[in-house]
Each structure stands twice: as structure tokens, then as C-alpha cells.
Amino acid sequence: MRLLLTALLCLLAWPVLSAPPPDPMLATPYHGNVAVPDFLVSEKLDGVRARWDGRSLWTRGGARIAAPAALTRGWPTEPLDGELWIGRGRFDEVSATVRRVQADPQAWRRVRFMAFDLPANPRPFAERVVRMRTLIADAGNPQLAMIPQRRFGTAAELDAELARVVAAGGEGLMLHRRSARYRPGRSEDLLKYKPHQDAEAQVVAHLPGKGKYQGMMGALQVRTPEGRRFRIGTGFTDAQRAAPPPLGAWVTYRYTGITSTGLPRFARFVRLRDDLPPPDPER
């Protein structure tokens, strides 16, 4: 009877232990007209967003990441929100490493988890940052670090920091309100500041190429989460045109403004997404 009771308790506990962490906090675009000193500012890294639940790593979409034990050795039991990152402009490398079903310890040695929040901590963000510094210092693992958080006094100082980061190959900045609590979903307390806009769409057709792209993919026809269709014809390498993203896949594209018909202007392919984005898809 005791063995049966133990087995039942284990079965009941299993879904809880294997469940991914709650939905993440997501940013809205920065449009100015905010009190810049009310925010802490960090670089927006070009990596794979991941969440640590105290035992395992998960993607933003809720898939478990097969990471080697060396990566997470000494990590705190307190949940962390962050980015798996190798360096600026090296998204494809870290993405390929994270996608592997079997962890490649050699590839993972280049990866660091750059923490930027504590999703289970109820304190304001400024206090969570202090707590993060302590947790990461106590871990003593060089593959666990914290994204530096800085404070700026004016919008002009913020713009200068954006220009510096972009000139060095970075994507942009993240602004997090110092008094904000961690709340899943889209939030005005978390802002992304970039010189362009990114979004995601699903591939619905491959359109044939012409001229030098004869016999290859000329453009993707894609569909936004709202059901709007348009074409993406630039941003691809020749290898990507020869083997384009499969039908049904989600891709990230970059654009500058919206046309009079409500479609993205100057849409340009950026990358293939590794997993299905959540209903409100962008960080």
C-alpha cells in the first residue's frame, strides 16, 4: 500500500515538475514621451530568450532546452528570465546550439545566459536588479551573467546610447520601469527602442524567382497573426533562396513604418524562428 501511495504521489507531481514557467513579460515599442530617469536601460541582445525555473531551461514558447549540466552548475533555485547569447551578430550560432535535441557540450561553452529579470520576485524592478547581482555572484559560474542596467537623465542621453550600441553592432535598447512589478504579457513598463521595427509572420507560399534567381525562391508570401498577407523579397542569402523557410514556418522580418493600406513598408527577411511564437509574439 505504501509503495502504491508513493507511486500515485509521484504521478500527481509529475505534471507540475515538467510544466514550463508562466508566460514572460513582453515589451512595447518606445515612442518617446516618457520620463527617462524612471527607467533602467540595457542593451537588447541578439540571442535566444530563455527562462530558468530553478531546475531547467525553457524557450519563450515553452519548450525545454537540452543544455549540458556544466552550463547551469551552481545556478540559483530562484527563477531567472534572460537571453542565451554568444555575441553581437551571432544569433544563428546560438540558435543552432539551442535547437539541438542532444546538447553539444563543446558548442555550449561559447554560450552565456544573460539574466535580465527575476519573474517570481514580487519586488520592484530596481530591487530585483540588486537581488540578481547577488544571485549571480553567488553562483560563481562564468556562463551566468547579468545584462548591465544603466540609468540616463534625458532623452538626448538615451538617444546617444542607442546610437553607440547600434554603431557597435547591437540591436537596440530595452527600458524597464524601475518601480514595475513582473507581470506576464505585454507591458508599458518594458519598452524596446530600436532604429527599426521587427515583427513575425507565417510562410504561406514560395514565389518563384526571376533573372539571377531563376529556379530559386524569389519572395516569400507570408501572413501576419492578424491574417494580412504580403511579400518579403529581400534579406535572403543565395543559400536561403535555394532552400527557403518551409511552408507553415514563422519568420522574423524587419520593416520601416506602415503603408496606407496597413501593410509593413520595406519588409526585409531577418531569420527563421525556432518555435511558434506566443499569441502576442514579440519581446
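Between amide H atoms placed 1.01 Å from N, distances below 5 Å from Asp117 occur with Asp81, all of them 5 or more places distant or on a separate chain.
As a footprinting exposure proxy, order Lys192, Lys212 by other Cβ within 10 Å, with the fewest listed first. Can you show the working numbers first?
Details: Lys192 19, Lys212 8.
Ordered by Cβ neighbours within 10 Å, fewest first: Lys212, Lys192.
Its alpha carbons give the stretch 197-272 an Rg and a Dmax of 11.8, 34 Å. Charging the Cβ of each Asp and Glu at -1 and of each Lys and Arg at +1, and nothing else, the dipole of the chain about its Cα centre rounds to 400 debye. Each residue of the stretch 223-228 was assigned a 3J(HN,Hα) from its phi angle through the Karplus curve 6.51 cos²θ - 1.76 cosθ + 1.60 (θ = phi - 60°); the sequence is 10, 6, x, 8, x, 7 Hz, with glycine and proline shown as x.
Normalised by 2.2 N^0.38 Å, with N the number of residues, the alpha-carbon radius of gyration of the stretch 36-136 equals 1.09. To make sure I understand the rule: partners must be lysines, Cα under 20 Å from the Cα of Lys194, and not fewer than 8 residues away in the same chain. Which ones qualify? Cross-link targets: Lys44.
Among the trypsin sites (Lys or Arg not before Pro) within the stretch 132-178, those in coil by DSSP and having at most 15 neighbouring Cβ atoms inside 10 Å are Arg151. Here the Gaussian network model covers the chain, with springs between Cα atoms less than 10 Å apart; of Met146, Met216, Met114, Met216 fluctuates the most. What would the Debye equation give as log₁₀ I(q)/I(0) for the stretch 138-238 at q = 0.14, 0.18 Å⁻¹, counting only Cα atoms as equal point scatterers? Result of the Debye calculation: -0.86, -1.02.
Taking only Cα atoms of the stretch 204-245, what ratio of Rg to Rh do you get with Rh as the Kirkwood inverse-distance radius? Working shown, then result.
On the way: Rg = 10.6 Å, Rh = 10.6 Å.
Ratio of gyration radius to Kirkwood radius: 1.00.
How much of the pair distance distribution for the chain lies past 29 Å, counting alpha-carbon pairs only, in percent? Distances greater than 29 Å cover 40 percent of the Cα pairs.
For a quick check: sort His176, His196, His206 by the number of other beta carbons within 10 angstrom, fewest at the front. Write down the numbers at each step before the final one.
Numbers: His176 24, His196 14, His206 17.
Taking fewest neighbouring Cβ atoms as first place, the list is His196, His206, His176.
None of the figures in this text is laboratory data; all of them are computed from the coordinates on show. In this text the structure is predicted, and so the values were computed from the model without any measurement. When we count neighbours, we look across all protein chains shown, and the Cβ atoms used for this are built from the backbone with ideal geometry, even at glycine.
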